[in-house]
Amino acid sequence: MDEHSYYMTTTSRLRNTADINLEARYPSDVSVMSLDNKTLILVGTAHISQESVALVRDVIERERPDAVCVELDARRFEALSQPSRWETLDLKYIIRNKQLSTLVVNLLLASYQKRLGEQLGVMPGAEMLEAVRTAERHHIPIVLCDRDVRVTMKRAWRTTPFWRKSILLSSLAFNVFDTTEVSEEDIRRLRKQDVLSEMMQELGKEVPTLKTVLIDERDQYLARKIQDAPGQKIVAVVGAGHVAGIRTVLETQQDVNLDALEAIPPTSPARKWIGWSLPLVIVGSIIGIGFQQGALAAGENALFWVLANGIPSAIGAMAALAHPVTILTAFAAAPVTSLTPVIGVGYVTAFVQAYVQPPIVREFQSVAEDIGNPRQWWKSRLLRVFLAFLLPTIGSIIGTWVGGTRIVANLLS
């Protein structure tokens with residue numbers, strides 16, 4: 001039996017009369033299938049549609065399933081259910097654990113979603129919250145069936161080529177700071193579930209590795225979690241673009257290894273080698289200059305390295321309107337941190353800035369709005385911490401290449 005025949009036979013076996021009758025109660029957004037003596041009801045949502053919110057509530061209340069699965073992990077659920085979570089943010093802990101860049105990306109996404117939700121009249125993820133609340137009202141167990149967002153982001157970042165990363169970050173920044181109002185036609189399109197599938201197909205064309213991590217892997221993960229949910233009748237609330245993939249995984253009985261999907265790809269040896277090679281070249285060149293031209297010449301090149309790194313990094317801190325102590329720290333730390341891939345100057349200056357000028361509570365409350373306004377980045381103490389991370393880092397990168405090029409040239413001259 002060829003693959004197509006097997007697939008059709010399996011599909012026919014899984015879809016029975018009861019499934020068809022159950023599906024007939026609902027619009028095409030609801031898909032029903034039977035598997036291993038379970039009835040799985042997949043509710044595909046548009047994430048930004050009030051109609052999806054009502055549909056989710058209706059399906060759960062009518063079916064009274066044994067469990068409700070939602071396309072959320074613990075962190076995304078917390079983000080949706082606790083909008084004021086930013087107020088309890090331990091910024092210094094985040095900086096110490098090198099999670100500041102991840103926080104910035106999350107805040108940018110939160111800002112974009114908030115602005116989009118205000119224009120559409122419903123916040124993204126409202127249907128997921130409605131699923132949770134409806135299940136809680138009827139004392140139905142809730143299963144958070146999506147992969148940890150941190151794992152997804154790390155796997156996506158590690159598997160995306162460098163030049164693709166810059167394109168993605170540029171696109172993210174453009175969307176966040178774009179103030180163009182969504183037209184009525186755009187709103188109508190965004191509320192159609194097939195738009196999500198179209199977006200995913202386009203994503204696959206532009207960045208295949210990203211589609212694999214964000215969509216294909218999560219289809220597998222969601223399918224396995226839904227299949228393992230307790231009870232005989234399961235309602236799963238997922239984005240419409242995931243429904244087809246989840247059905248394919250279940251119908252073809254794919255062997256899904258959750259441990260493999262949760263593993264973080266290790267940093268490649270080549271990347272580690274490159275990270276340490278530059279410091280070795282710089283230090284080795286200064287030592288070589290000492291042997292060739294004497295200690296005075298070596299000292300002059302070492303001083304040039306300090307100035308080449310320290311000055312641009314300090315200028316970056318000044319451009320961020322950072323505290324004077326942060327500016328001095330940038331000048332002193334950049335020449336040292338540039339010689340190790342373990343920590344960058346940005347983490348040092350951000351920590352110092354957060355310590356000497358700690359953000360106030362009001363800024364945590366308004367950060368989702370402020371981050372979309374470029375002017376607020378220099379007015380808010382919280383956002384100034386991010387600038388104190390970014391701009392000294394850029395200065396240090398410039399200084400590293402200027403200083404390194406000059407020192408190597410002096411060795412070879």
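The values are calculated or read from the model by the stated rules, or taken from the named source; none is laboratory data. Not measured: the values here are computed from a predicted model. Cβ sites come from the backbone with ideal geometry, for glycine too, and all protein chains shown count toward neighbours.
Kindly indicate which of G284, G310, G241 is part of a helix (DSSP H, G or I) and in contact with a Leu (Cβ under 6 Å, 6 or more places away or on another chain). The unique qualifying residue is G241.
In this structure, does V345 turn out to be in contact with a His (Cβ under 9 Å, 6 or more places away or on another chain), within 24 Å of L382 (Cβ to Cβ), crowded, with 17+ Cβ neighbours inside 10 Å and modelled with pLDDT under 95? So V345 does not fit the description; no. Could you say whether any residue in segment 200-216 is assigned by TED's automatic domain parsing to the domain that holds R155 and modelled with pLDDT under 55? Yes, that holds for at least one residue.
Across segment 247-260, which residue is farthest from D148 (Cα to Cα) among those that are assigned to a loop (DSSP other than H, G, I, E, B) and in contact (Cβ under 8 Å) with a residue 40 or more places away in the chain? Only one residue fits best here, namely T252.
Among the residues of segment 261-281, write down those that are part of a helix (DSSP H, G or I) and at pLDDT 80 or above. Answer for segment 261-281, where residues must be part of a helix (DSSP H, G or I) and at pLDDT 80 or above: L261, E262, S277, L278, P279, L280, V281. For P335, the requirement of being in contact (Cβ under 8 Å) with a residue 24 or more places away in the chain and under 14 Å from F389 (Cα atoms) is not met.
Evaluate segment 76-96: report whether one residue or more is assigned to a helix (DSSP H, G or I), at pLDDT 90 or above and farther than 30 Å from G344 by Cα. No: zero hits. Determine if segment 129-136 includes at least one residue that is outside any loop (DSSP other than H, G, I, E, B), at pLDDT 65 or above and among the small types (G, A, S). Yes, there is a match, as at least one residue in segment 129-136 is outside any loop (DSSP other than H, G, I, E, B), at pLDDT 65 or above and among the small types (G, A, S). Screening L321 against (1) in a helix (DSSP H, G or I); (2) hydrophobic (A, V, I, L, M, F, W, C); (3) surrounded by fewer than 20 Cβ atoms within 10 Å (Cβ to Cβ) leaves a single unmet condition, (1). For segment 206-238, a residue qualifies if it is in a loop (DSSP other than H, G, I, E, B) and crowded, with 19+ Cβ neighbours inside 10 Å, and the qualifying residues are V207, A229.
All told, S171 falls short of being at pLDDT 60 or above, of a type in the set (S, T, Y) and within 29 Å of Q220 (Cα to Cα). Scanning segment 32-51 for residues that are assigned to a strand (DSSP E or B), of a type in the set (S, T, N, Q), closer than 18 Å to V70 by Cβ and modelled with pLDDT under 90 yields one hit, T45.
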